[in-house]
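Novice: Take a look at this one; I'll ask things after.
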Amino acid sequence: MKNNFSIIIYLDKKLNQKIRDIQRELFNMTGSRACLNLWKPHFTIGAGIRVEDKKLNSLYKEIKENLNGIKSFKVKIKDYGFMDNWMSGKLKGFTKYVVYLGVIKNKKLQKLFNLLKKNVTNKREIFYEPISKYNPHITLAFKDLNYKEFLKAKRFLKNKKFEDELTINHIALAKENPNGSWTEYKRFKLK
């Protein structure tokens, strides 16, 4: 049996709570609740892959090999962003509107992404369009966010600032559940 996995980085407890508060505020304003229902706050570090149960140990081994020698590092999270063309709205049941926080890409984050792309995700079946240019972000509202509510969120956030920092000390595999939600499946610590 094949399962869908995303390669992601979860947030620390304090930052997770800040993001949840923003997601709830946006839900109260727009009615968009997919982020609250489907995912714990995170950002993606590798394309979504489809893996057979019998090949999971091979996947774990490849991930560990690629993380060998990579030490924990910090990234900045800064300011709100907006997409009105996410995957061009091609995914069934998803709108093309997204509200997010930017993750400032640095050399260490780009290196980690490149390693995982070259040696892990490019070797596997991908269940959505591959990531060509890495644009790390923390999603605040998506999937059920319509155009009118997207504009409302954009007006509300346009003059607001956000800045924080996150220590990257792991990557994780999140597994898609039958109801479309995602849960942490396995975590791999960095040195």
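Novice: Counting only protein heavy atoms and a 1.4 Å probe, tell me what percentage of segment 1-49's accessible area is made up of carbon and sulfur.
Specialist: Values: 1010 of 2070 Å².
C and S atoms contribute 49 percent here.
Novice: Run the Debye formula on the Cα coordinates of segment 79-191, all scatterers equal and no solvent, and tell me log10 I(q)/I(0) at q = 0.09, 0.13 1/Å.
Specialist: Rounded to two decimals, the profile gives -0.30, -0.65.
Novice: Give me the tail of P(r) for segment 24-100 as a percent: Cα-Cα pairs with distance above 19 Å.
Specialist: Working: 1719 of 2926 pairs.
Summing the P(r) tail past 19 Å for segment 24-100 gives 59 percent.
Novice: Below 11 angstrom from the Cβ of Lys55, what's the summed charge of the other residues (Lys, Arg +1; Asp, Glu -1)?
Specialist: Values: positive: Lys2, Arg50, Lys54, Lys61, Lys123, Arg124; negative: Glu52, Asp53, Glu62, Glu125.
So the environment of Lys55 carries a net charge of +2.
Novice: Might you tell me the accessible area per residue for the chain, computed with a 1.4 Å probe and given in Å²? Write down the numbers at each step before the final one.
Specialist: Values: 10440 Å² over 191 residues.
Accessible surface, normalised per residue, equals 55 Å².
Novice: Taking N as the number of residues in the chain, what is its Cα Rg relative to 2.2 N^0.38 Å? Write out the running numbers ahead of the final one.
Specialist: Values: Rg = 16.4 Å, N = 191, 2.2 N^0.38 = 16.2 Å.
That ratio works out to 1.01.
Novice: Considering only lysines 8 or more places apart in sequence, or on different chains, count the pairs in segment 118-191 whose C-alpha atoms sit under 19 Å apart.
Specialist: Count of close lysine pairs: 11.
Novice: Can you pull the one-decimal nm distance between simple spin-label points at Asn37 and Ser181, each 7 Å off the Cα toward Cβ?
Specialist: Label at Asn37, label at Ser181, 1.1 nm between them.
Novice: Roughly how many percent of the accessible protein surface of segment 55-107 is carbon and sulfur, given a 1.4 Å probe and a whole-percent answer? Intermediate results must be reported in sequence, preceding the final value.
Specialist: Numbers: 1540 of 3110 Å².
Here it works out to 50 percent.
The values are calculated or read from the model by the stated rules, or taken from the named source; none is laboratory data. What you see is a predicted model, and the numbers here were worked out from it, not measured in a lab. Virtual Cβ from ideal backbone geometry, glycine too; neighbours counted across all protein chains shown. Protein only, heavy atoms only, side chains kept; ligands, DNA and RNA dropped before computing areas. Shrake-Rupley method; radii C 1.70, N 1.55, O 1.52, S 1.80 Å.
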